[in-house]
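Everything below concerns the one structure shown next.
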Amino acid sequence: MLERLRVDVIEPAKSCGYATICLVGISMGGLGALLYAMEHPADVQRLMLLAPYLGDASLGKEIKDAGGLKLWDARDVDGDDHPRKLWRWLKQCALSQAKCELPEAYLGYGDRDSFAPGNALLGDLLPKHRVFTIRGGHDWQTWKRLWRMFLAERDAQLQAG
């Protein structure tokens, strides 16, 4: 999937002269956007993530029980465990290690979303003005409201210069 995204979307956009690439992802698409940013950090300048899937609940609990992402032991990662690989990269970002280049990211999710605990962990890594939590679940109604909030925040930043 990441290779298709690079070949079918990113490379054509770059060849048309786009200097800023923003990936938007909802749920599993959010995971894909994050994984792409992890694998190709120079290609992506911004992420807009709506209730991204970040692994099953047990992974989020493991991170939380460790005392948070900075204290979590991220050594054991199976080759196909993409969420765990992602969290290992996010830990590098949290520790400000040179290998990590997390793009400007916006995160939004509903407080009743089953992914909310993992999303809250991700939100702890981001500037508070780019994290949006509203009453709602893992559904279009919630995502549409969050999307409007993202756009309003981004517009305010552009207006401020």
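Output the residue which, of all residues in segment 105-129 that are charged (D, E, K, R) and in a loop (DSSP other than H, G, I, E, B), is nearest to Trp140 (Cα to Cα). First the steps, then the outcome.
Step one: filter segment 105-129 for residues charged (D, E, K, R), giving 111-113, 124, 128.
Still in the running and in a loop (DSSP other than H, G, I, E, B): 111-113, 124.
Numbers: Asp111: 14, Arg112: 13, Asp113: 12, Asp124: 24 Å.
Filtering first and then ranking leaves Asp113.
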Query raised in the report: For Pro12, which of the numbered conditions (1) more than 27 Å from Asp113 (Cα to Cα); (2) part of a loop (DSSP other than H, G, I, E, B) fails to hold?
Result: (2)
Requested in this report: Working carefully through the options Asp113, Asp65, find the one that is buried (at least 20 other Cβ atoms within 10 Å of the Cβ), farther than 18 Å from Gln45 by Cα and modelled with pLDDT of 90 or more.
Outcome: Asp113
Requested in this report: Could you check Leu86 against (1) assigned to a helix (DSSP H, G or I); (2) within 15 Å of Ile26 (Cα to Cα) and say which number it fails?
Outcome: (2)
Query raised in the report: Which one is farthest from Leu146 (Cα to Cα) among residues in segment 1-33 that are more than 17 Å from the chain's Cα centre (by Cα) and among the small types (Gly, Ala, Ser)?
Result: Ser15
Requested in this report: Would you mind telling me which numbered condition in (1) in contact (Cβ under 8 Å) with a residue 12 or more places away in the chain; (2) within 29 Å of Ala42 (Cβ to Cβ); (3) in a helix (DSSP H, G or I) Leu102 fails?
Outcome: (3)
Report task. Say whether the condition of being at pLDDT 95 or above, within 16 Å of Pro52 (Cβ to Cβ), of a type in the set (Ser, Thr, Tyr) and surrounded by fewer than 18 Cβ atoms within 10 Å (Cβ to Cβ) is met by at least one residue in segment 95-108. Result -> no
Query raised in the report: When both residues are 6+ apart or on different chains and their Cβ atoms are under 9 Å apart, which pairs have a first residue that lies in segment 127-153 and is within 19 Å of Cys22 (Cβ to Cβ), and a second that is in a loop (DSSP other than H, G, I, E, B)?
Result: Val131/Asp124; Trp143/Ser27; Trp143/Ala51; Trp143/Gly136; Leu146/Ala51; Leu146/Gly136
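The values are calculated or read from the model by the stated rules, or taken from the named source; none is laboratory data. Nothing here was measured: the structure is a model prediction, and the numbers come from that model. Heads up, the Cβs are rebuilt from the backbone with ideal geometry, glycines too, and the neighbour counts pull from every protein chain shown.
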